[in-house]
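Asks: Take this structure first; my questions come after.
Laboratory data are not the source of any read-out in this text; all were calculated from the coordinates shown. Treat the numbers as computed from the prediction; the structure is a model and nothing was measured. Cβ placement follows ideal geometry from the backbone for every residue including glycine, while neighbour counts extend to all protein chains displayed.
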Amino acid sequence: MADTDAPVIETTGLRKEFRTRRGRRVVAVDGLDLVVPAGGVHGFLGPNGSGKTTTIRMLLGLARATRGEMRLFGQPVPHRLSAVMGRIGAVVEQPKFLPSFSGRKNLILLARTIGAPSSAVDSALAQVGLAGRGRDRYKSYSLGMKQRLAIAATLLKSPDLLILDEPTNGLDPAGIRDIRTMIRGLGESGVTVLLSSHILAEVQQVCHSVSIIGSGRLLASGAVDDLVAAGRATRVRVEVGDPVRARAILEEDGFRVHHEGERLVVSGDADEPFDPEMVSRALATRQLYVRELTPVRADLESVFLQLTRDDSLVSEPPAAGGAA
Amino acid sequence: MRLLRVELSRFFSRRAVAMLLLAAALLTALVAGTTIWGTRPVDAAEQARAEARVQAITSSPEYKRDLANCQESPEDLFGPGADAADCRRLLAPSTADVVGRVPLALADEVDDSGIAVIVIVTVLMIVAGTTFAGADWASGSMSNQMLFEPRRQRVWWAKAGAALVGTGVAAAVLIAAFWVALYLVADARGIGTGAAVQTDIRWMVARGVSLAALAGFGGYALTMLLRHTVGTLAVLFVYAAGGEALISLLPVERSGQYSPAENVFAWIRDGGRVFDSSIDCPVSSAGCDQTFQLTLLHGGAYLAVLVLLVTVVSAVLFQRRDIP
């Protein structure tokens, strides 16, 4: 029996290798340990090709893991996927429906698969604002409408876990706002939402927690506020009378410095705690007095960029060989 | 059963399948119409014209010369034992010869238009099974469906059942309608159909329906394996273009027994004789038979093994491969 307090999603040492047409082995996911707790909206971030979609596809049984373990609602998957799939709604990559059927017909077929009534289809269409276009052919839909239909399909199950891969792709601003509101509302109502997105501002607005992956590995995970807060103290913007001399002094003391116009942006060693006070002290002891010292407010984007940049530097050499 | 009903709904809702069923219905109607028209009774005016034509022919000098030549040595023309009466009986044209058509006889149609209808329906059912599966892969909706029913074998077999039942029902309706139409026309023309012929027709309908259903199923299974409608059609085209020729070149005796086409005809016709050039016939041996018997059982077993092979490979690979 599954543990009710277990994380909704849990992967351990998850790995996915595949071969290209030329026989070259590619590692898409490399020992990923991912934990998504129950409830709330969890962001799933990573640059293109970092293994996000492959991970989602493995969780949903669309791709086979080469190695590692996965659990959904405490149940091992893909072994017990059928036992939990009824609780999961998912949009993976692009919406995929039969183009010659109407949106409603596509949903009715899916609803019948799980024994849901036709009224559930109409309700789902209404929820995503497609009630008036449900009888039109899917191929006549705009990208945004297709995206809405895909989200409507996930709602047919009244899911406990919603996995959304770039759900606002192709939506107009109003549509993006509606979907964000819906995701936030679902998260607040107790549904666990795993939101894979490239739009970092969106993730920061909507998500409670986040996992960042790069080259198929987990780079960071935790509450969004914690991750951003951890990044807050790592940089300060400094204005001094002699920036050239100030830079030399700070670099001599082990800070990393670059110019930003007339100002300097100073950061510490990534492995050491960074205290902005040390910057002003280092300059003051050499008779250089700070006119202005402003902490550079980190946001999720800067955290993400820093993590993924570091990862790409680390992982570049073995990428060609494929093995980690 | 629920999944099978969903897939049957998907099968009959596909526009391409509907077009193929319509084409099968039209072609079947065309064959029936051509047969009915080509065997229509001779009216009085036609009969009078035909009798006049027979009179003209038998009065012509050419006919009289041919008849005289024949009567001089009947055995040269009609073999040992022939006499002068045979010459008059066999050389004289009949009004039926002049009119150029014979009355409708369902016994004759078993080996003629009956086979044509089964072949037409079977070919179109292969394409229907193919496009049914191909649409799921082409649109990418297969992965969407797997999010609602992740048990792959269930999905494979539900779709297979829909292809089998859908094409089987369509073939049953079309082939049965063809024979019912011929029977009613024959009855209206006062032409009786013996019980033995009716039994032969019933069995032929059963064999035709099972063949068409198996063809639909086979087309589906092959497309699930190749994951592309065009791929399956290309395989069928390559076979049609050169497969039979290659089989005839096999360095084995009675290579025809390995030919799909010969086995299909053996199945439709309740067995039949197959020409085989590898059977030696000495120049001196009159009446040497260069054919061999291919039984109904052989045809059925051959087709069953062929479909079974494709089924096993297709179902196993569907279980193991990633779904795009």
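Asks: Apply the Karplus curve 6.51 cos²θ - 1.76 cosθ + 1.60, θ = phi - 60°, to the phi angles in segment A:187-193 and return the couplings in whole Hz, x for Gly and Pro.
Replies: Here the 3J(HN,Hα) series is x, 6, 7, x, 6, 8, 10 Hz.
Asks: Further question on the same structure: Figure the gain on full extension for B:ASN69 and B:THR95 (residue separation times 0.36 nm, minus the Cα-Cα span) and round it to one decimal in nm. Kindly include the intermediate steps, with their values, before the conclusion.
Replies: Numbers: separation 26, 0.36 × 26 = 9.36 nm, distance 2.32 nm.
Taking 0.36 nm per residue and subtracting the Cα distance, the gain is 7.0 nm.
Asks: Related question: Among B:THR34, A:THR54, rank each residue by its count of other Cβ atoms within 10 Å, from fewest to most, as a rough exposure measure.
Replies: Working: B:THR34 12, A:THR54 21.
In order of increasing Cβ crowding within 10 Å: B:THR34, A:THR54.
Asks: For the charge dipole of chain B, defined by +1 on Lys and Arg C-beta atoms and -1 on Asp and Glu C-beta atoms about the Cα centroid, which residue among B:CYS288, B:SER278, B:LEU27 has the Cα displaced farthest towards the positive pole?
Replies: B:LEU27
Asks: Continuing with this model, one more query. Over 23 Å between Cα atoms: which of A:LYS105/A:LYS146; A:LYS52/A:LYS105; A:LYS105/A:LYS139; A:LYS105/A:LYS157; A:LYS96/A:LYS157 fall into that group? Don't skip to the end; give the middle numbers.
Replies: On the way: A:LYS105/A:LYS146 14 Å; A:LYS52/A:LYS105 30 Å; A:LYS105/A:LYS139 13 Å; A:LYS105/A:LYS157 16 Å; A:LYS96/A:LYS157 17 Å.
Where the Cα-Cα span goes over 23 Å, the pairs concerned are A:LYS52/A:LYS105.
Asks: What ratio of Cα Rg to 2.2 N^0.38 Å holds for segment B:44-99?
Replies: Details: Rg = 12.8 Å, N = 56, 2.2 N^0.38 = 10.2 Å.
Taking the Cα Rg and dividing by 2.2 N^0.38 Å, one obtains 1.26.
Asks: Still on this structure: Sorted from fewest to most neighbouring beta carbons within 10 Å, what does the list A:THR308, A:THR154 look like?
Replies: Ordered by Cβ neighbours within 10 Å, fewest first: A:THR308, A:THR154.
Asks: Can you find, among A:GLY175, A:ILE199, A:PRO78, the residue farthest towards the positive end of the dipole of segment A:9-222? Put +1 on the C-beta of Lys and Arg, -1 on that of Asp and Glu.
Replies: It is A:PRO78, whose Cα lies furthest towards the positive end.
Asks: Seen from all sides and averaged, what is the projected area of the convex hull of the Cα atoms in segment A:235-295, in nm²? Don't skip to the answer; put the middle values down first.
Replies: Numbers: hull surface 14.2 nm².
Computing the convex hull of the Cα atoms and averaging its projections yields 3.5 nm².
Asks: Quick test of the membrane-span-like rule: which DSSP H helices of chain B reach at least 30 Å along their long axis (C-alpha atoms) with mean Kyte hydropathy at least 0.5?
Replies: Details: long enough: B:15-38 (34 Å, 1.75); B:113-139 (38 Å, 1.75); B:152-188 (53 Å, 1.18); B:195-226 (46 Å, 1.04); B:296-320 (36 Å, 1.81).
Answer set is B:15-38, B:113-139, B:152-188, B:195-226, B:296-320.
Asks: Also, I was wondering about something else. So for the protein assembly as shown, considering every pair of alpha-carbon atoms, how many percent are separated by more than 50 Å? Could you put the intermediate results ahead of the total?
Replies: Numbers: 81485 of 209628 pairs.
Tail of P(r) above 50 Å: 39 percent of Cα pairs.
Asks: By how many nm would the segment from B:ALA261 to B:ALA188 lengthen if fully extended, with 0.36 nm per residue of separation less the alpha-carbon distance? Write down the numbers at each step before the final one.
Replies: Details: separation 73, 0.36 × 73 = 26.28 nm, distance 3.60 nm.
Taking 0.36 nm per residue and subtracting the Cα distance, the gain is 22.7 nm.
Asks: Rounded to the nearest 20 debye, what is the charge dipole size of segment A:235-295 about its Cα centre when +1 sits on each Lys and Arg Cβ and -1 on each Asp and Glu Cβ?
Replies: Working: 9 positive and 13 negative charges, 48 e Å.
With only Lys, Arg, Asp and Glu charged at Cβ, the dipole is about 220 debye.
Asks: What distance in nm separates the two pseudo spin-label positions at B:SER59 and A:ARG256, each 7 Å out from Cα along the beta-carbon direction?
Replies: Taking the simple label geometry, B:SER59 and A:ARG256 are separated by 11.6 nm.
Asks: So if R0 is 41 Å, what FRET efficiency would B:ASP111 and A:VAL26 give, r being the distance between their Cβ atoms, rounded to the nearest 0.05?
Replies: On the way: r = 59 Å, r/R0 = 1.44.
That gives a FRET efficiency of 0.10.
Asks: Measuring from a point 7 Å past the Cα of A:SER158 along Cα-to-C-beta, which residues in segment A:111-136 have an amide N at less than 17 Å?
Replies: A:111-127
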